1. Given only helices, namely DSSP H runs of n ≥ 4 each adding -39500 (n - 2.57), what is the per-residue ellipticity at 222 nm of the chain, to the nearest 500 deg cm²/dmol?
2. Pop the C-beta distance of residue 127 and residue 152 into the FRET formula with R0 = 22 Å and round what comes out to the nearest 0.05.
3. So for each of 169-180, 79-90 I average, over its residues, the number of other beta carbons within 10 Å; can you give me the resulting order with the highest mean first?
4. Take every Cα-Cα pair in the stretch 142-240 and report what % of them are more than 23 Å apart.
5. Determine the relative contact order of the chain: mean sequence separation of Cα pairs under 8 Å and six or more apart, normalised by residue count, in whole percent.
6. Once the Cα atoms of helix 37-50 and of the chain are each reduced to a long axis, what angle between those two axes, in degrees from 0 to 90 to the nearest 10, is obtained?
7. Per 0.36 nm of contour for each residue apart, how much would the distance between residue 80 and residue 49 grow if the chain were fully extended, relative to their Cα-Cα spacing?
8. What's the ranking of 27-37, 158-168 by average number of surrounding C-beta atoms within 10 Å, highest first?
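Any read-out appearing in this document is the output of simple, stated calculations on the displayed coordinates, not a laboratory observation. Bear in mind that the values here come from a model prediction, so they are computed numbers and not experimental data. Neighbour counts run over all protein chains shown; Cβ positions are idealised from the backbone, glycine included.
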Ligand SMILES: [Zn+2]
Ligand SMILES: [Zn+2]
């Protein structure tokens, strides 16, 4: 017989020794088993299926006796196989949904304080998540974001009217995309209310002028009108867009 290879007693295929499990024999030495690893696993699987109750009993007994060892082993396995773990939980959840929900409900009743704290923590976490998502979306769609912010601000101020992103773009184009106060062109433009909302100004596009952030802040709540072309009827913007 070849030293490196061996014929399996079950499948009769010649395989390298590395594919055989090793077993301790009477003389205390380890030797490869008669059947190959594949056949051994197969027969052990078949045995487990045939003797389900017996195996479950033995397993339970072993787990009771070696609680810490089993727990550690399970934890390590879970850490190494997060995908399999998720898959298992999913399957388990689908099969035991009612049981899980009932158990969770009971736990919630029995641990009201803990449950509330957990819910609060989760709510804050979700709020953060939503905030971050909104922030990302706004960075991606600055014009829409401005419109959205403006709507929200005006709702708070109870102002009537609202302008759209398209109207704002048309307005900026009409004034050469520059700040009407300092005439800078390479700055981000903000929508300034000619008559401030706090003084009863409306939020229609004809009460809006593009100013840079710095000029917008400087103007404050004065009703300064920097629109150089007063003959330009901004109401047509609304009709056009
Ligand atoms: Zn075999
Ligand atoms: Zn400016």
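1. Values: 10 runs with 138 residues, N = 241.
It comes out at -18500 deg cm²/dmol, rounded to the nearest 500.
2. Values: r = 17 Å, r/R0 = 0.76.
Efficiency, rounded to the nearest 0.05: 0.85.
3. On the way: 169-180: 17.0, 79-90: 10.2.
Listed from highest to lowest mean packing, they are 169-180, 79-90.
4. On the way: 750 of 4851 pairs.
In whole percent, the share of Cα-Cα pairs in the stretch 142-240 beyond 23 Å is 15.
5. Numbers: 190 pairs, mean separation 23.3, N = 241.
Relative contact order comes out at 10 percent.
6. 90 degrees
7. Details: separation 31, 0.36 × 31 = 11.16 nm, distance 2.67 nm.
Here the segment from residue 80 to residue 49 would lengthen by 8.5 nm.
8. Numbers: 27-37: 13.3, 158-168: 16.8.
Packing order, densest peptide first, comes out as 158-168, 27-37.
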